[in-house]
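Throughout, read-outs are computed from the coordinates displayed, never taken from laboratory work. Please read these numbers as outputs of a predicted model, since none were measured by experiment. Here the Cβ positions follow ideal geometry from the backbone for every residue, glycine too, while neighbour counts run over all protein chains shown.
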Amino acid sequence: MEYQRAWDLQLDLATKVHDGAQPNTLLLLEHPSVYTKGRLSKSEDILLSDAELRQKGIEIHEVDRGGQVTFHGPGQLVAYPVVDLREWGGPVKYVRTLERIIVDSLADFNITAETIDGVTGVWVDGAKIAAIGVKISRGIAYHGFAINVTTDLSYYSHIVPCGIADRPVTSMAEVLGGDLGMAMAQYSLAYQFGKGMGFGMVEAELELIQI
């Protein structure tokens, strides 16, 4: 799904979740290659010129989530939970829960992942495998996180991922030494998300979501 369409969809869902017209919703998707800049981004963290970006066909979006510059692209499982936190808990609890959900989902594939104090995200042997960046408005969270499944990691060489220059980036395929199905990764993540958040999960096709 194109990045802007996914962002517009989240904003629409956030309004409906806030008003009680839509249940908490977890979007699972992939994007075409795109760099996004969170609220703390620095222009120098994108290492390509505008002309080079156009040549490579990579868009840049400045967004309202936390965090800095990151990459989204094919082979990356992007998760956008649009959830009501007004009675569930605050932002710190939410981000820590997302980290635990990702760790538990990776464990389903025998990947031992961890968090690092003071740095948001999930790591395997010192390399970042998942990035998190959320926005909470009127008690509703949107944006979310991205797990590198079979992502082409070369795109990260053109940015300073999340403003961290001294740590590598990895993927599930790189850790496991082979390909794996995106559907399996999605299934695991949906299960662990429901378990971690305390939600019952019901699968629905996008066209069935009332937008």
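Considering only the range 81-100, how many residues are outside any helix (DSSP H, G or I) and in contact (Cβ under 8 Å) with a residue 12 or more places away in the chain?
The total comes to 7.
Please pick out the residue among V78, V103 that is under 21 Å from D64 (Cβ atoms), of a type in the set (V, I, T) and outside any loop (DSSP other than H, G, I, E, B).
V78
Which one is surrounded by the most Cβ atoms within 10 Å (Cβ to Cβ) among residues in the range 87-110 that are of a type in the set (A, V, I, L, M, F, W, C) and closer than 18 Å to L28 by Cα?
Taking the candidates together, the pick is I102.
Among the residues of the range 1-60, write down those that are outside any strand (DSSP E or B) and of a type in the set (S, T, Y).
Y3, T15, S33, S41, S43, S49, listed by residue number.
Quick check: anything in the range 168-184 crowded, with 21+ Cβ neighbours inside 10 Å, touching a residue at least 60 places away in the same chain (Cβ under 8 Å) and more than 16 Å from the chain's Cα centre (by Cα)?
no
(1) within 21 Å of Y156 (Cα to Cα); (2) over 14 Å from the mean Cα position of the chain (by Cα): which one isn't true of L13, the others all being true?
Failed condition: (1).
What number of residues in the range 59-74 are closer than 17 Å to P168 by Cβ and surrounded by fewer than 17 Cβ atoms within 10 Å (Cβ to Cβ)?
0
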